[in-house]
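Enquirer: My structure is below; once you've seen it, I'll send some questions.
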Amino acid sequence: MTRRSLATVLIGLMSMGAASAQDTDIIHDAEYYILQAQNGAQWAEDDAAVDRLLEQFRAGNGGKSPNIVSILVDDLGFGDMGIPELNAVRGIETPNINRFSDEGMRMVRMYTEPSCTPTRVAQMTGRLPVRMGMGDTTVDIAGFGLPGNEVTLAEVLKEAGYATSHVGKWHMGDIAESWAMNQGFDYAQHAVHQQGQLTIFNDDAIREQVSVGIKDFEDDYIVDNWFRPDPAAMMTVIAGEAGGPIREIRMAPGERWNAEKYDAMNEAFQLKTISELKRLSEGDAPFFLQYWPMIPLDNTRAGRDGPESVNGGLYADKLQLLDSYLGDLFAEMEAVGVADNTIVVLMGDNGHFTKYSPQSGFTPMIYRGGKGDTTEGGVRVDAFIRWPGMIEADSMVNNIIHVSDLYTTLSRFAGAEGFIPRDRLVDGVDQSAALLFADESKTRRDHVIIYSVATPKALVKDHLRLNLPGPGESAILANFYDIYRDTHEKYPVSTEVGAWGGQEFVRILGRHLARKEKYPDTGPARGVPYEGIENIRPETQAAVEAFLVKQASVQK
């Protein structure tokens, strides 16, 4: 292909308008089309080979697509799951997860977003969270969330005939349209907020000084009684079916939230996941079950029980409990006869919560940084996928995969890619060929742009990383790293790479930003927190009213 014809193809592809017809191609970011221009013929062959494999699977599975189970674990660094030798270094044992790793494939270069909410949004929508203003993480009442016009993976799979269920963490908003039962799940039981409320500043955590400045002092001189959120007044766990009533569960008016209730909630999530697995496996439809645990985060010593590790850290011990939970879940999959026709994805959502090192038992190990950082340690996670007979056991791929790629890839495995929306830009690319053939060269991604909330902070291309300079900083100060040689990003190779690659990286970012002008970012959905909960507690209603007064204060 000549340079002129290549440019013509790229311009034509990049100028495609948003289309509603589902027989058009998915709209991607600019770099996808640059790879497609060079590898399109091979991709077509790979697509045909993938189609044949999927047809063979369905033929042997009674004509049905595979079940899908997604397990997303909170705040674990790379190397904490699936490698016995690194378990030994940590003083932790995760035999069930290690066994699962041996039965499936490790996605070695899985990139997430730097914190909980944006990673979950990217997995659910296949889009960078900045595109709908969901790049930040909130702890208390906020009045916004995932917009209802986003098309989640659950909604895509439902269109293809799947039964859907979600249990555990959600953390994509405190308004009704953002909740899982209103975002494509037939049933959902999940916390409205996250562990900031539930384990970091609950009553026991305040007494143990895990949280300081809440109610761990005499408040004789406090005038603003709304400044400090009351975790027990906030909504805790909700449950309901799509289109049905939504209720808060396991929390009575006047009851306080504490470590005992946190432990009970985690056990209840585990038991509900197993009961949902049994229920779904008895149905005729393929199913999509999400289990997003809230442990290993558990910040208090109060009432602790369960497995104890040599490490002894607050989170490390709870990782061993989670390992036993997952062992029970995997055993139940065998017992109900779905293990062989179910895809299971197990991964972390971002790096360690390093602010609680070392008492958590976790610190950055292979990569530098952790939760909230845009360094490799903030966004590189353990990630495994198991699909017996389809994905090679005890294998690995080392191509770049972003969490948003799960949206597109799982849709393809499910035969549901036709229901991915064509009226917006989708960041997730189809990685099915790389996974099914255990072949990194079949990847459709070779870069990621790493955001901190709404600002691009790093760009990774192949094995090279550019940490972008901040506003007003000279581009000469931007550092390049070779992340194969320098996992802790200590030794910049800025001149060596920048001399030839500086402008190339700038152009990648420039094309991304130009594409955003064509498909502009929007904001999150906004509304009244907790609206639609049938049994809202009086103290919760009072907390909402205080929040609304704060909002109205700027209009005075």
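Enquirer: Nothing charged except the Cβ atoms of Lys and Arg (+1) and of Asp and Glu (-1): what's the magnitude of the dipole of segment 478-532 about its Cα centre? Round to the nearest 20 debye.
Expert: Dipole size: approximately 240 debye.
Enquirer: State, to one decimal in nm, how far the label point of ALA268 lies from the label point of ASP340, with both points 7 Å from Cα in the Cβ direction.
Expert: Label-label distance for ALA268 and ASP340, simple model: 3.8 nm.
Enquirer: Give the relative contact order (percent, whole number) for the chain; include only Cα pairs under 8 Å separated by 6+ residues.
Expert: Relative contact order of the chain: 26 percent.
Enquirer: Report, in deg cm²/dmol and to the nearest 500, the calculated mean residue ellipticity at 222 nm for the chain, where each DSSP H run with n ≥ 4 adds -39500 (n - 2.57) and the sum is divided by the residue count.
Expert: Result for the chain: -10500 deg cm²/dmol, rounded to the nearest 500.
Enquirer: Oh, and also: Show me the helices of the chain, taken as full DSSP H stretches, that run 30 Å or more along their long axis by Cα and average 0.0 or above in Kyte-Doolittle hydropathy.
Expert: Qualifying helices: 314-335.
Enquirer: By per-residue mean of other Cβ atoms within 10 Å, what is the highest-first order of 524-537, 74-87? Let's see the in-between values first.
Expert: Numbers: 524-537: 17.9, 74-87: 21.6.
Peptide ranking by packing, descending: 74-87, 524-537.
Enquirer: While we're looking at this one, here's another question. Between ILE366 and ALA475, what FRET efficiency comes out of the Förster formula 1/(1 + (r/R0)^6) with R0 = 35 Å and r the beta carbon distance, rounded to 0.05?
Expert: FRET efficiency, ALA475 to ILE366: 0.75.
Enquirer: Then there is this: Work through the residues other than GLY501 whose Cβ is under 12 Å from its Cβ and net out their charges, Lys, Arg +1 and Asp, Glu -1.
Expert: Taking every Cβ under 12 Å from that of GLY501, the sum is -1.
Enquirer: Another one. Choose one of GLY377, GLY348, ALA416: the residue whose Cα lies farthest towards the positive end of the charge dipole of segment 338-417 (beta-carbon charges +1 Lys, Arg; -1 Asp, Glu; about the Cα centre).
Expert: GLY377
Enquirer: Restricting to bridges with both residues inside the chain, how much of the DSSP beta-bridge set is antiparallel, in percent to the nearest 5?
Expert: 55 percent
Enquirer: Where the accessible area of segment 22-160 is counted over protein heavy atoms with a 1.4 Å probe, how much of it, in %, is carbon and sulfur?
Expert: C and S fraction of accessible area: 48 percent.
Enquirer: Whenever you get a sec, line up SER494, SER432 from highest to lowest accessible area (probe 1.4 Å, protein heavy atoms).
Expert: So the residues, ranked largest to smallest area, are SER494, SER432.
Enquirer: Along the Cα-to-Cβ line of GLU539, 7 Å from the Cα, sits a label point; which residues in segment 167-203 have backbone N less than 19 Å from it?
Expert: It comes to 191-203, nothing else.
Enquirer: On a C-alpha basis, how far is the centre of segment 501-556 from the centre of segment 245-317 in Å? Whole number, if you could?
Expert: Answer, in whole Å: 28.
Enquirer: Taking a 1.4 Å probe, which of TRP292, TRP226 shows the most accessible area, and what order do the others take after it?
Expert: Per-residue accessible area, sorted high to low, gives TRP226, TRP292.
Enquirer: Under 20 Å from the Cα of LYS490, which lysines turn up, not counting those fewer than eight places away in the same chain?
Expert: Correct list for LYS490: LYS371, LYS457, LYS461.
Enquirer: Continuing with this model, one more query. Using a Förster radius of 35 Å, what is the FRET efficiency between GLU260 and VAL89 based on their Cβ-Cβ separation? Nearest 0.05, please.
Expert: So, using R0 = 35 Å, E works out to roughly 0.60.
Enquirer: Let's see if you can work this out: charge +1 on each Lys and Arg Cβ, -1 on each Asp and Glu Cβ, no other charges. What is the dipole magnitude of the chain about its Cα centre, in debye to the nearest 20?
Expert: 1360 debye
Enquirer: Measuring with a 1.4 Å probe in the full set of protein chains, what accessible area per residue, in whole Å², belongs to the chain?
Expert: Working: 22060 Å² over 556 residues.
Per-residue value: 40 Å².
Enquirer: Along segment 230-247, what does the Karplus equation 6.51 cos²θ - 1.76 cosθ + 1.60 (θ = phi - 60°) give for ³J(HN,Hα), rounded to whole Hz, x for Gly and Pro?
Expert: Once rounded to whole Hz, the list reads 9, x, 6, 7, 6, 5, 9, 10, 10, 8, x, 9, 4, x, x, x, 10, 10.
Enquirer: Taking the radius of gyration and the Kirkwood hydrodynamic radius from Cα positions alone, what is the Rg/Rh ratio for segment 182-338, to two decimal places? Before the final figure, lay out each step's value.
Expert: Values: Rg = 18.1 Å, Rh = 17.6 Å.
Ratio of gyration radius to Kirkwood radius: 1.03.
Enquirer: Could the peptides 230-243, 116-129 be put in order, highest first, of the mean number of other beta-carbon atoms found within 10 Å of their residues?
Expert: So the peptides 230-243, 116-129, ranked by packing, come out 116-129, 230-243.
Enquirer: Still on this structure, please answer the following. How many angstrom lie between the C-alpha centres of segment 21-89 and segment 349-423?
Expert: Cα centroid of segment 21-89 versus Cα centroid of segment 349-423: 12 Å apart.
Enquirer: Got a sec? Charge dipole of the chain, +1 on Cβ for Lys and Arg, -1 for Asp and Glu; which of TYR519, GLN56, MET172 is way out at the positive end?
Expert: After comparing all options, I get TYR519.
Enquirer: If you count, for each residue, the other Cβ atoms within 10 Å and average over each peptide, how do 302-314, 394-406, 320-332 line up from highest to lowest?
Expert: Top to bottom by mean Cβ count within 10 Å: 394-406, 320-332, 302-314.
Enquirer: Could you tally the net charge around ASP174, taking each other residue with its Cβ under 13 Å from the Cβ of ASP174, Lys/Arg +1 and Asp/Glu -1? Kindly include the intermediate steps, with their values, before the conclusion.
Expert: On the way: positive: ARG526; negative: ASP140, GLU177, GLU248, GLU531.
For residues surrounding ASP174, the net value is -3.
The values are calculated or read from the model by the stated rules, or taken from the named source; none is laboratory data. The structure displayed is predicted, hence computed values, not measured ones. We place every Cβ from the backbone using ideal geometry, glycine too, and count neighbours over all the protein chains shown. We work out accessible area using only protein heavy atoms, side chains counted, and drop any ligands, DNA or RNA first. Shrake-Rupley method; radii C 1.70, N 1.55, O 1.52, S 1.80 Å.
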